[in-house]
Amino acid sequence: MYIKYLFLDTSNYMYRMYCRAAKDMGDPFKIFKDEILYITKSFQNTKTVFAIDCPRNENWRKDLYSEYKGNRSEIDPLFSAFKEECLEWLKTKFLTVQYDKMEADDVIGSLAVKYYPCYISSLDQDYYQLLDKTKGIYILRPMSGGGFSEYGYDQFKGLHGIKATQYVDYKALVGDTADNFKGCPGIGTKGALKLLTKYKSLDNIYAHLVQSNTDITPKIFESLKKNKKYVYLCKKLATIITDLPVSLE
């Protein structure tokens, strides 16, 4: 399939290149610049777009849940300077898209459902929920040794046993340590996959949440019942917005 668009998660790339520079004692901006030039050259027949996060303290998820990403340390002044240099360079060379109070995930999600077939390039697993075989929405994962691997709808199901469309419900149950929300206490990866394999969705799990249901242990029953409001909050935090009025025109 000919891929028309390439959407890059800018913060993900900046953070990874900054860490690489620290490890190799190199110039972070040069490493970032070389990486971006490499990927854009590798996919020069696609339209490349860089999605940029809103400032961390203006994030709509932070307004919804004050502890969202609250486990992350204060931004290093050196990283802030590096970030500004990277963004300034990107804006002079490439198409960048940002939207008020939104993360890059939401910007990319809203673009990908309108502009496809496309690649989303990031190591952020949140993008799994956007995989779409019909539209042709794929994830392009940078490899540590160089190059990229394509990750699609079928690959996700093969590895995880559930559909990409169930991924948000999965995260609602198990939580996300990187984003600092915990999901439903007592439910881990195996438990969540088992529930979603049988009941298909979070809504349907709760529709069958009765004490007589022998598929759900008393402990999990009580946890799901007690934490229902929080579990659905986790789902909202995990869900990428796909209807922002963003455009490439």
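Every number here is computed from the coordinates shown, using simple stated rules; none is lab data. For clarity, every value in this text was computed on a predicted model and none was experimentally measured. Virtual Cβ from ideal backbone geometry, glycine too; neighbours counted across all protein chains shown.
Worth a mention:
- Under 5 Å from the amide H of Leu244 lie the amide H atoms of Ser110, each residue being 5 or more positions distant or on a separate chain, with H modelled from the backbone and absent for Pro and chain starts.
- Close amide-amide hydrogen proximity is noted between Asp132 and Ile137, Tyr153, each under 5 Å apart and 5 or more residues distant or on a separate chain (H modeled in the peptide plane; Pro and chain starts excluded).
- Between Leu123, Leu37, Leu233, the residue with the greatest mean-square fluctuation in the GNM of the chain (Cα pairs under 10 Å linked by springs) is Leu37.
- Convex hull volume of the range 164-237 per residue (C-alpha atoms, cubic angstrom): 81 Å³
- The range 97-121 residues near the modelled Ser247 label - backbone nitrogen below 17 Å, point 7 Å along Cα→Cβ: 97-100, 110-116
- Degrees, to the nearest 10: 228-238 long Cα axis against longest axis of the chain: 20 degrees
- Listed residues Ser11, Ser42, Ser212, most fluctuating in the chain (Gaussian network, C-alpha, under 10 Å): Ser212
- Residue with peak Gaussian network fluctuation, the chain [Cα springs, cutoff 10 Å], from Lys236, Lys101, Lys190: Lys190
- Here the chain carries DSSP beta bridges of which approximately 25% are antiparallel, counting only pairs with both residues inside.
- Here is the list for the range 1-84: GluC sites (Glu not before Pro) lying in DSSP coil, each with at most 13 other C-beta atoms within 10 angstrom of its C-beta, are Glu67, Glu74.
- Antiparallel content of DSSP bridges confined to the range 113-192, in %, to 5: 60 percent
- Calculated [θ] (222 nm, deg cm²/dmol) that DSSP helices of n ≥ 4 give over the chain, each run adding -39,500 (n - 2.57): -13500 deg cm²/dmol
- 10 Å-binned pair-distance histogram of the range 67-124 (Cα, whole percent): 16, 40, 36, 8
- Furthest towards positive pole of dipole, Phe50, Ile39, Tyr18, structure part the range 1-54, Cβ charges: Ile39
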